[in-house]
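These notes are about the structure you will find just below.
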Amino acid sequence: MSANTPAEAAPGPSSNEPNPRGSETRGSIPVVDGAKLVRERRLNNAKKNWALFRSDVPALIGAVVLLFFIVIAIAAPLIAPASMLDVTKQLDVPRYAPPSLDHPLGTDDLGRELWVRILWGARVSILVGVAATVMSMIIGTIMGLAAGHFTGLFGGIIMRIVDFFIVLPSLLLAIVLSSVLERGVFTIVVAIGLTSWASTARIVRSQTLSVESRLYIERARILGAGHSHILFRHLLPAVMPLVLANTTLTVGGAIIAESTLSFLGLGDTSKESWGTILKNSMDVSAATSGYWWYVLTPGVAILLVVLAFTMVGRAFEAIINPALRSR
């Protein structure tokens, strides 16, 4: 081959061929757009998870039930004005009226429509359940991450605190806090949130220990990453799916706890909640007097919401942990 003969071109993508997805050409070297690939991967994962969720019929039913109760809770002032709860304006309504066309869910001992009380009670019960769960998840996630990441004396102290709250009856502690603090919705939220985070901390710690053993965490340490970088850039994103799945399962327990505290007379008596309705029915001995609708209506509402949260939570848990899908 003479010196004037051009060398044979090396194999590679021609100028007429399209670039690979998520890349651009810089000279003859394709440059991959990492951010775009990450967005596409997350979008594909979201579509896959949504398809798995749609295939779970109980989860869809639970989601519809939750959406129904959330909508009626938000729209309660429009559907049933607060004046319908005013006893002085219900003097012509019969007391203990059984369910009928005129009174769909019956009336209580003061002539108030139970369906109106259920609407307004949904606002407090669901709000307390969600707010207390969020508070519990935040505390549990922080304590679980710290217990799994830090070793030695500091990690041991955190685990002893977690163990103390696990063995301590949470309902008993919530009753004590509700009795000591000022009555109100905020007190109920604090009492439930401060007493129900330990189980979340144990779950998060277990997941944190699993993630800590992976190679990319060790590589981050070798490259000089500090505790805050590892905790918030690596460990927290890895445990968040598990925390979110556990959140939906915990909301039901928080709603039951709120209903229990209100039933015991430790809630805010100026606010309607499903536990307050149950307490009122107990005060007038509705169950033994034949006024079954007075007891059944709030009980069914609590059952439906707790069951709906549980079904949705189980679906999220199965999506995160594929091993559960075959069970």
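The values are calculated or read from the model by the stated rules, or taken from the named source; none is laboratory data. Keep in mind it's a predicted model, so treat the numbers as computed, not measured. Here the Cβ positions follow ideal geometry from the backbone for every residue, glycine too, while neighbour counts run over all protein chains shown. In case anyone asks, the SASA skips ligands and DNA or RNA and just uses the protein heavy atoms, side chains included. Shrake-Rupley method; radii C 1.70, N 1.55, O 1.52, S 1.80 Å.
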Filter segment 98-119 for residues that are open to solvent by 10 Å² or more (accessible area, probe 1.4 Å) and touching an Asp or Glu at 6+ places or on another chain (Cβ under 9 Å); the one that is farthest from Tyr294 (Cα to Cα) is Leu119
Taking Ala147 as the residue in question, decide whether it is buried (at least 23 other Cβ atoms within 10 Å of the Cβ), within 30 Å of Val251 (Cβ to Cβ) and modelled with pLDDT of 90 or more. no
By residue number, the members of segment 177-190 that are surrounded by 13 or more Cβ atoms within 10 Å (Cβ to Cβ) and part of a helix (DSSP H, G or I) are Leu177, Ser178, Ser179, Val185, Phe186, Thr187, Ile188, Val189, Val190
Is it the case, given these coordinates, that Ser199 is of a type in the set (Gly, Ala, Ser), over 20 Å from the mean Cα position of the chain (by Cα) and either at pLDDT 85 or above or open to solvent by 70 Å² or more (accessible area, probe 1.4 Å) (or both)? no
The one condition Asp108 fails out of (1) more than 21 Å from the chain's Cα centre (by Cα); (2) free of Cβ contacts under 8 Å to residues at least 40 places away in the same chain is (2)
Restricting attention to segment 282-294, the residues that are within 20 Å of Glu272 (Cα to Cα) and open to solvent by less than 50 Å² (accessible area, probe 1.4 Å) number exactly 4
Going through (1) modelled with pLDDT under 85; (2) buried (at least 17 other Cβ atoms within 10 Å of the Cβ); (3) among the aromatic types (Phe, Trp, Tyr) one by one, Tyr216 fails only at (2)
